[in-house]
Structure formats: structure tokens, C-alpha cells
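Reviewing the structure listed below.
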């Protein structure tokens, strides 16, 4: 097995075919005309143009002395034919019995051979120019799966693009192009079509052309999972929308535009109350089974909802609250929300002396009745004690955060669904 200087095992894998001759019934290879050879050149390298009988000869000449093992996948007839060709030109390669395709209709066997051979090497270049038509197609399917699992393994997928057809009368001309970019598109298409289902990216997927897109998706995902909401709404969502808007490739443009629309609609807080934005995202994450994230957002949404009601009724008092909890020019929404929550149960004390006792009581009296109302939800774990809705949300969130939740996942899901439904009713009240 060939090894590069750094110990990396590399191979050029090629699917052999029979071009320019036949194999008789008696098993003898017949080449029609050794001198009638097409020319090949590599993409973007006109100086590489040379004549070869087939791509096997080209691969040996190009990669044989560069640390790559030339590894054929073959049928019995293709082996006989190509051995005859190589012998004519004074070349030879090893034929591994494990890579003999005995039944061309046995797709399971063929995939098994592809898996075994690719697994043996750290880096591979694959030639799919020849072979029976379905064999290169099956190889491309295999490479799509391999490229998703380990994008760094597949270095190139070579294909002889016809420029001039090779016939008995005319010498053909072919350009060797790399299909790797097209296989990578399948990875990007997968990311684009599944991202709105879970907001996560397989961390091993890479792409030189779409690296900025992948990085922006990862940043967005990280902000969601960390509930870094300010960064999510003002930076990472904007960056992702911008990257999605850059995609012009017709193969993935539709998926990119669909995801772009979803991000714009879900993460655009302009024209909406912040509590509504948080609540909508809480429902979105609940549908994706992110229970703790959903409940945490509901907790913030509920506190901001009450703050919003206070501000509608007592703007001057709330200006004092906002000013007190502003640091370096930015409101600390968490501390404001915590202050609002404590209003439901805490009496006036020294830590709220930025308000007068009367102002504090004025806010307490302004808490919506639906928020102050004590309730319990019979048969729903974590919600069976009599509490106001803010306390129910906060306690359920804390139980989940500290692994104290009782019941199964279905029970927890039911609890959160109940809280979401009940709070949505409260927000719709006039």
C-alpha cells in the first residue's frame, strides 16, 4: 500500500471499462487500433494535453509517482482488456481480488466493494470516466455519502468530459474535470434543507466555496443554543441572511431562498414587541423539542410582557426602572425582568430605593389580574401547586435546569405546552 511522506495512505481509484476494443467469448482481448488514441487535458491546464489509449494509462502516468496507489475496480472482462492495453505500453498495476465485481447487477456487492476500498485510504482521488454506466453512478452515490461523513477524504472526482467524440474516423478529445464541487453541493443542500428543523450544523462539514455560509450557520446555531438573544437578533441572524442571499448556484438557490425567508420571518423583531418575539421563538423551539430553551424564552417573554404593561400604564415610573438597570448605555433586560417577577411576591425594601414606596406599590397594583391569579394544573407534573403563572413558569424552568423535573419527557412536554397555551391566552387579553 502506497504512503506519502507524512504517512497518509493515498489512492487513485478507477472503475475500469472496455474502450477501443472487445473481449471475445474465448476470453481474449482484441484492441482495434493501438495508435488511434484520443487526447486528454486537465481542466484549466491546456499544457497538460497528451494522447492516451484510456484514462487508466493517464492516471498511471499522472499519479503513479506522486505517492498514490493506482487501484482498479473491475469486472473479469475489463481486467483482461486493460491488462492487454498496459502490456502494450510496458505498464502494469496490481489487481486486488477483493475489488472484482462478479455480478454487475448485485448493487449490494458493488457498494460493499466501494466501502471497503475507500475505507482503506486516508485520501482518495476517484475516476468515474469509464466502466459500465451504472457503476460510475453508484460510485457517485457512494462518494456523496462518504463526502458527508468525511469531506477531507475525497480529494477529487475525475471525469473525462467529452470535447470531441472518439470514433474510428476521428480522434477524440477529452477534458479531465473535477466533480468534487458538485458532490459538496449535496452537503450544502442537506444543510440548507434541514437547518430550520433543528438549527444545527454537522461540525465536520467543510467547503472552501461555502465556508462563510457554514460559519454563519454555526454562529447562528451557537447563539440559539446559548440563548445569546441580542447577538442572535442583531448579528448572527443578519449575517446568515446576507450569506444566504449570496447563493446563486441554481442547484441550491431555491433551498437557500426558502431558509432565508424563514430566518427573516422568525428572527426579525422590528415592528413587534420584544416579549412577542421571544414568545414566538419559544414556540418555535418547543416544536423542535428544545424544551429547556423554549421554557427559558417563555420565562423571559412573560417578564417582559408584564414590564410592557407597566410601561403602558406608568411610563414615568418605568423610566426610572429602566434607567436604574441600564449599564454602559444598554438596558439589562434580565435584571428588569427579575425586578418585574419579584413584584408579584416581594415587599418594598432597600434594594429598590430608586423608587418610592408608593411608586413600588403602584406597580404592584398594576399587575394584570390574569398574572396575579393563583392557579394549578391538575394532572400536569410540576404545575400541581397553587401559584401565579410567572412562578409556575420560573419554577418549571428551574426544575428542568437542575434536573429536578418529575415524570417522563412526555410529561415535561405536556407541562411546557400547557404553560405556552395559557400564557398565549393572557397575552391576547385586552
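The values are calculated or read from the model by the stated rules, or taken from the named source; none is laboratory data. If you're wondering where the values come from, they're calculated on a predicted model, not measured in any experiment. Note that each Cβ is placed from the backbone with ideal geometry, even for glycine, and that neighbours are counted across all protein chains shown.
Key figures
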{"quantity": "Evaluation of residue 85 against (1) part of a helix (DSSP H, G or I); (2) at pLDDT 90 or above; (3) crowded, with 20+ Cβ neighbours inside 10 Å (one fails), failing number", "calculated": "(2)"}
{"quantity": "Qualifying residue in the stretch 283-290 (condition: within 18 Å of residue 228 (Cα to Cα), in contact (Cβ under 8 Å) with a residue 40 or more places away in the chain, buried (at least 20 other Cβ atoms within 10 Å of the Cβ) and touching a helix residue (DSSP H, G or I) at 6+ places or on another chain (Cβ under 7 Å))", "calculated": "yes"}
{"quantity": "Qualifying residue in the stretch 269-278 (condition: on the phi > 0 side of the Ramachandran plot, free of Cβ contacts under 8 Å to residues at least 24 places away in the same chain and part of a loop (DSSP other than H, G, I, E, B))", "calculated": "yes"}
{"quantity": "Selected residue (only one of 405, 386, 356 is surrounded by 13 or more Cβ atoms within 10 Å (Cβ to Cβ), over 41 Å from the mean Cα position of the chain (by Cα), over 18 Å from residue 335 (Cβ atoms) and in the same structural domain as residue 293 (by TED's automatic domain parsing))", "calculated": "356"}
{"quantity": "Scope the stretch 96-122; condition touching a helix residue (DSSP H, G or I) at 6+ places or on another chain (Cβ under 9 Å), part of a loop (DSSP other than H, G, I, E, B) and crowded, with 17+ Cβ neighbours inside 10 Å; matching residues", "calculated": "101"}
{"quantity": "Residue 78 vs. criteria modelled with pLDDT of 90 or more and more than 18 Å from residue 155 (Cα to Cα)", "calculated": "yes"}
{"quantity": "Selected residue (criterion: nearest to the chain's Cα centre (by Cα)) from residues of the stretch 178-214 that are at pLDDT 90 or above, at negative phi and not in a helix (DSSP H, G or I)", "calculated": "200"}
{"quantity": "Residue satisfying condition, being in contact with a helix residue (DSSP H, G or I) (Cβ under 9 Å, 6 or more places away or on another chain), outside the structural domain of residue 301 (by TED's automatic domain parsing) and without any contact (Cβ under 8 Å) to a residue 40 or more places away in the chain, within set 192, 259, 227, 240", "calculated": "240"}
{"quantity": "Any hit, the stretch 39-56, residues being assigned to a helix (DSSP H, G or I), surrounded by 13 or more Cβ atoms within 10 Å (Cβ to Cβ), touching a residue at least 24 places away in the same chain (Cβ under 8 Å) and touching a helix residue (DSSP H, G or I) at 6+ places or on another chain (Cβ under 8 Å)", "calculated": "yes"}
{"quantity": "Within the stretch 294-369, helices (runs of 4 or more DSSP H) holding 1 or more residues that are closer than 30 Å to residue 415 by Cα", "calculated": "333-342, 357-365"}
{"quantity": "Odd one out for residue 250, checked against (1) surrounded by 18 or more Cβ atoms within 10 Å (Cβ to Cβ); (2) without any contact (Cβ under 8 Å) to a residue 12 or more places away in the chain", "calculated": "(1)"}
{"quantity": "Test result for residue 104, in contact (Cβ under 8 Å) with a residue 12 or more places away in the chain and either touching a strand residue (DSSP E or B) at 6+ places or on another chain (Cβ under 8 Å) or under 24 Å from residue 153 (Cβ atoms) (or both)", "calculated": "no"}
{"quantity": "Complete set of residues in the stretch 227-236 that are closer than 21 Å to residue 194 by Cβ and at pLDDT below 95", "calculated": "232"}
{"quantity": "Sole residue being in contact with a strand residue (DSSP E or B) (Cβ under 6 Å, 6 or more places away or on another chain), surrounded by 17 or more Cβ atoms within 10 Å (Cβ to Cβ), part of a strand (DSSP E or B) and free of Cβ contacts under 8 Å to residues at least 60 places away in the same chain, chosen from 22, 70", "calculated": "70"}
{"quantity": "Which listed residue, of 411, 399, is surrounded by 17 or more Cβ atoms within 10 Å (Cβ to Cβ), out of contact with any helix residue (DSSP H, G or I) (no Cβ under 7 Å at 6 or more places or on another chain) and farther than 22 Å from residue 335 by Cβ", "calculated": "399"}
{"quantity": "Of all residues in the stretch 148-170 being surrounded by 15 or more Cβ atoms within 10 Å (Cβ to Cβ) and more than 14 Å from residue 128 (Cα to Cα), the one that is nearest to the chain's Cα centre (by Cα)", "calculated": "148"}
{"quantity": "Residue list for the stretch 150-174, restricted to those being in contact (Cβ under 8 Å) with a residue 40 or more places away in the chain and either farther than 21 Å from residue 45 by Cβ or assigned by TED's automatic domain parsing to the domain that holds residue 191 (or both)", "calculated": "150, 151, 152, 168"}
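Conditions tested, residue by residue: (1) more than 27 Å from residue 138 (Cα to Cα); (2) buried (at least 20 other Cβ atoms within 10 Å of the Cβ).
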residue: 188; (1), (2): no, yes
residue: 193; (1), (2): no, no
residue: 197; (1), (2): yes, no
residue: 208; (1), (2): no, no
residue: 211; (1), (2): yes, no
residue: 220; (1), (2): yes, yes
residue: 227; (1), (2): yes, no
